[in-house]
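Here the structure comes first, spelled out in structure tokens, and everything after it is commentary.
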Amino acid sequence: MAAPSTSDRVVGLGQVTVEMLGVGPRSPEAVVELATFSIQSGGAVGTALATVAALGGRAKYFGRLSDDEFGAIVLRGLKEFGVDVASVLIEPGKVSPASFILVDERTGRRLTRFTRGSTTPLDPGELPRDLFDDAKILLVDGRTPAAHIAAAERAKGLGVTVLLDARSLGPGMGELLDLSDIVIGNERFAAEFSHSSDMKRSLVELTQMGPKIAVLTLGEEGAIALENETLVRQPALPIEVYDTTGASEVFRGAFIYGTLQGWPIDRCLPFANAAAALNCRHLGGVGGIPSLSEVTRVAGLSS
């Protein structure tokens with residue numbers, strides 16, 4: 001019998017979606033022709049996992065989709081990046097999640113309309129027994145709290161690092177923070193959580209909840225992270241922005257990739273920041289995931 005593989009995979013539970021992206025003018029007209037149109041797999045967890053795989057890491061997705069064309073596009077897109085989707089549950093006759101994103105060709109501002117679809121929320125009892133085989137990191141976004149809490153509890157018991165993608169406060173978020181080793185949030189989440197615009201204070205309060213590492217993405221201001229007494233600030237890179245769709249998800253995927261490599265936060269943060277910035281040169285989240293060599297170079301890190 002072969003020796004068991006080294007634990008080096010990220011397992012993701014959470015949002016995956018079809019993203020229909022259009023670039024065109026902002027206009028009051030009822031019918032407007034788009035300059036560019038693209039259909040991509042995406043979503044908070046989907047794009048993060050695709051990024052991990054594109055950079056050379058191992059990634060697996062577990063969740064539920066329908067047997068509709070949207071679900072097929074999501075699965076096909078993830079598989080093209082090398083994400084393992086063999087365990088995904090398929091529910092016939094439902095609608096898989098989908099988003100339409102209109103990007104203003106002049107300003108780059110986005111208008112998003114989406115549906116969560118009609119598939120049944122994941123139940124804790126549906127988590128596969130072998131879900132964490134070879135896993136080093138569990139990524140959850142809290143969209144189905146009961147299942148994500150159950151997954152995080154099991155992961156903790158197996159010594160798997162739990163990373164929480166926190167976008168806003170909601171049901172189960174307190175329990176997930178308590179179970180998390182790493183939390184990556186945004187300014188909205190920080191403000192809701194700590195009722196303060198002081199990002200350092202928010203990071204300190206987050207680490208007091210349970211996570212050993214807390215990270216906040218700050219848009220045009222870059223990102224900031226705290227681990228123990230080590231505070232790392234990373235300014236945004238001067239990149240000509242075409243579309244910011246998926247940039248925060250690519251940031252998370254790149255940070256996860258660095259964590260899989262065992263990097264400290266003062267290497268993970270500039271790496272993730274560079275990946276997110278480079279992604280903004282293209283349309284869509286998975287449409288412009290940069291290569292490992294390019295991210296390393298732009299971040300100013302030795303390979």
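The values are calculated or read from the model by the stated rules, or taken from the named source; none is laboratory data. What you are looking at is a predicted structure, and each value in this text was computed from that prediction instead of being measured. So basically every Cβ, Gly included, is an ideal-geometry build from the backbone, and we count neighbours across all protein chains shown. Quick note on the areas: whole protein, heavy atoms, side chains included, nothing else; ligands and nucleic acids left out. Shrake-Rupley method; radii C 1.70, N 1.55, O 1.52, S 1.80 Å.
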Exercise. In the range 82-181, carbon and sulfur make up what percent of the accessible area (probe 1.4 Å)?
Worked result: 50 percent
Seminar exercise, completed: Over its alpha-carbon atoms, the range 46-174 yields an Rg and a Dmax in Å of 15.7, 50
Exercise. If you build a Gaussian network model of the chain, linking Cα atoms that sit under 10 Å apart, which residue out of Ala254, Ala272, Ala151 swings the most?
Worked result: Ala151
For this session: Provide the per residue accessible area, probe 1.4 Å, for the range 1-97, rounded to a whole number of square angstrom.
Result: 45 Å²
For this session: Order the following by accessible area, largest value first: Glu29, Glu240. Probe radius 1.4 Å; ligands, DNA and RNA are ignored.
Result: Glu240, Glu29
For this session: Can you give me the P(r) profile for the range 213-293? Cα pairs, bins 5 angstrom wide beginning at 0, each as a whole percent.
Result: 3, 17, 29, 25, 16, 7, 2, 0
Exercise. With the calculation restricted to Cα positions, what are the radius of gyration and Dmax of the range 33-111 in angstrom?
Worked result: 14.2, 42
For this session: Kindly report the accessible area of the range 238-291 per residue (heavy atoms of protein chains, probe 1.4 Å, no ligands, DNA or RNA), in Å².
Result: 30 Å²
Exercise. In what sequence, highest mean first, do 77-86, 94-103 appear when ranked by Cβ atoms within 10 angstrom?
Worked result: 94-103, 77-86
Problem set entry | Estimated translational D of the range 162-303 in µm²/s (Stokes, Kirkwood radius over Cα pairs; 37 °C; 0.692 mPa s) | 218 µm²/s
For this session: Could you tell me what percent of the accessible area of the range 258-303 is made up of carbon and sulfur, with a 1.4 Å probe and every protein chain present?
Result: 48 percent
Seminar exercise, completed: For the range 157-233, dividing by residue count, accessible area per residue (probe 1.4 Å) in Å² works out to 47 Å²
For this session: With +1 on each Lys and Arg Cβ and -1 on each Asp and Glu Cβ, and nothing else charged, work out how big the dipole of the range 164-303 is about its Cα centre, in Debye to the nearest 20.
Result: 260 debye
Exercise. Counting pairs of Cα atoms in the chain, how many percent are more than 35 Å apart?
Worked result: 15 percent
Exercise. Based on the Kirkwood radius over alpha-carbon pairs, what value in µm²/s does the Stokes-Einstein equation return for the translational diffusion coefficient of the range 95-149 at 25 °C and 0.890 mPa s?
Worked result: 170 µm²/s
